[in-house]
1. In the range A:1-76, which chymotrypsin sites (Phe, Trp or Tyr not before Pro) fall in coil by DSSP and have 11 or fewer other Cβ atoms within 10 Å?
2. Which links in A:LYS39/B:LYS42; B:LYS83/B:LYS142; B:LYS83/B:LYS138; A:LYS155/B:LYS155 stretch past 27 Å when you go from one Cα to the other?
3. Let me test this: with uniform point scatterers at the alpha carbons of the range A:84-196, what is the Debye-based log₁₀ I(q)/I(0) at q = 0.20, 0.21 1/Å?
4. At q = 0.15, 0.19, 0.22 Å⁻¹, work out log10 I(q)/I(0) for the range A:1-110 with the Debye formula, treating every Cα as an identical point scatterer and leaving solvent out; two decimals please.
5. Between the range B:118-142 and the range A:1-73, how far is it from one alpha carbon centroid to the other, in angstrom?
6. Tell me the carbon and sulfur percent of the accessible area for the range B:8-77, rounded to whole percent, probe radius 1.4 Å.
7. So for the range A:122-195, taking the charge dipole from beta-carbon charges (+1 Lys/Arg, -1 Asp/Glu), which of A:HIS178, A:ALA149, A:VAL131 sits furthest toward the positive end?
8. Can you give the helix-only mean residue ellipticity at 222 nm for chain A, where every DSSP H stretch with n ≥ 4 adds -39500 (n - 2.57) and the sum goes over all residues, rounded to the nearest 500 deg cm²/dmol?
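The values are calculated or read from the model by the stated rules, or taken from the named source; none is laboratory data. Just so you know, these numbers come straight off a predicted model, no measurement behind them. Cβ sites come from the backbone with ideal geometry, for glycine too, and all protein chains shown count toward neighbours. Only protein heavy atoms, including side chains, enter the accessible area calculation; ligands, DNA and RNA are left aside. Shrake-Rupley method; radii C 1.70, N 1.55, O 1.52, S 1.80 Å.
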There are 2 protein chains.
Amino acid sequence: METRKISQAVIRRLPRYYRYLGELLEDGVERISSNDLSKRMKLTASQIRQDLNNFGGFGQQGYGYNVKYLHTEIGKILGLENKHNFIIVGAGNLGQALANYSHFENQGFILKGIFDVNPTLRGMSIRDVPVRMMSEMKDFIKENNIEIAVLTIPKECAIDVAKDLVDAGIQAIWNFAHVDLNVPDNVIVESVHLSESLMRLSYNISRYNEDHADK
Amino acid sequence: METRKISQAVIRRLPRYYRYLGELLEDGVERISSNDLSKRMKLTASQIRQDLNNFGGFGQQGYGYNVKYLHTEIGKILGLENKHNFIIVGAGNLGQALANYSHFENQGFILKGIFDVNPTLRGMSIRDVPVRMMSEMKDFIKENNIEIAVLTIPKECAIDVAKDLVDAGIQAIWNFAHVDLNVPDNVIVESVHLSESLMRLSYNISRYNEDHADK
DNA sequence: TAGATTGTTAATCGATTAACAATC
DNA sequence: TAGATTGTTAATCGATTAACAATC
């Protein structure tokens, strides 16, 4: 199978296509043209067609795209038909919030364990998943076929823990710590830097206020 | 003052520069060249100089950049010297987690209120901030000089609540709901779509597995 | 002064948009 | 068949990289 290089820009848009198609599906819309979709998503029709054609010709001339089919196909591209076992590392506020967020299960992500260094959390469970001690983590990963670790710990220890995760053979890390992790090429990292997002918000407020300063 | 158009790509990198400079500052590094910084951040030196020169000449030939000065200046550009009052709308798991996250205070974001529709949450407080009923929200925004609303509610009600926020004169929305908000031009929206981030992770796992399938 | 490194212009690369022939 | 809309090639636009004169 020929492997074309897909740009980051396209990959970033894929989940958004998936979301919009899911909404259309819920609304009972059977088919949609790139032009109609472009208006909803505030993109150009051209860009949508280009993006999709990176992965194949999902449409039909004169008809457009079948919503259900395209939704399913993008789901496949995103790997959502696969099940992924994951653990949460760091049972603080954010870790607990993500553990409680059962919605991920619908997308094939199955919470298998929660880990923390704090011994007072021992015995606690979230959605029937017990909090375990960090010292048990490596063995747990190996024995329970864990693919993904969600890292919700302070940045100070994130790099060391990431190293442990890599040693244990983790395949991917969803990183919420405020550091950039340097891991081997065979480990996938997707970071969510909340404070950077908030700074962009702050930047835009400043710019807006500057532009509208009355003087 | 001349307003140059700053590209989204540059804005996205700004907080990351700020973070790296903060780390250098903590480590006691006084000055750094674009070349050294580029190696740490895995960018090109050229890109760093281009990015910074969108905002002014912060460096000195033959010397490089003064870490403390540059850190401060980027902080100003990001608007971090300003204080921003904010409220959290939706006191579920994520809302509570963000309310507990006191780190935002350091960056000038001050939690003034938490709102929810659920009456059983009435009387609860997080870091001395009481949970109030959604019906009080509009007046509270107007009376307490609230600039930012953090939206951590299900997507079903997000659009309606966003409308209320706009009506109450909110300046910016940090949106965690799984919808794209359509608000007037004078309201700033910064979205964090966690499920889309997770899908990109999933995509990368699939791509990796495909490339390494033994056949 | 000589060496280092910026600020900035020019060249390249990649992504987005436009156009249109193919085709349902 | 005529109309609609895709898939795809070509044109444009913007962002990144390279190069180098200016200068500390």
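1. Details: sites: A:TYR17, A:TYR18, A:TYR20, A:PHE55, A:PHE58, A:TYR63, A:TYR65, A:TYR69; in loops: A:PHE55, A:PHE58, A:TYR63.
Taking the range A:1-76 and a limit of 11 other Cβ atoms within 10 Å, the loop chymotrypsin sites (Phe, Trp or Tyr not before Pro) found are A:TYR63.
2. Going by Cα-Cα distance, A:LYS39/B:LYS42; A:LYS155/B:LYS155 fall outside the 27 Å limit.
3. For the range A:84-196, the Cα-only Debye profile gives -1.07, -1.20.
4. These q points yield log10 I(q)/I(0) values of -0.74, -1.02, -1.22.
5. 41
6. Values: 1690 of 3830 Å².
So the carbon and sulfur contribution to the accessible surface is 44 percent.
7. A:VAL131
8. Details: 9 runs with 96 residues, N = 215.
Helix-only estimate at 222 nm: -13500 deg cm²/dmol.
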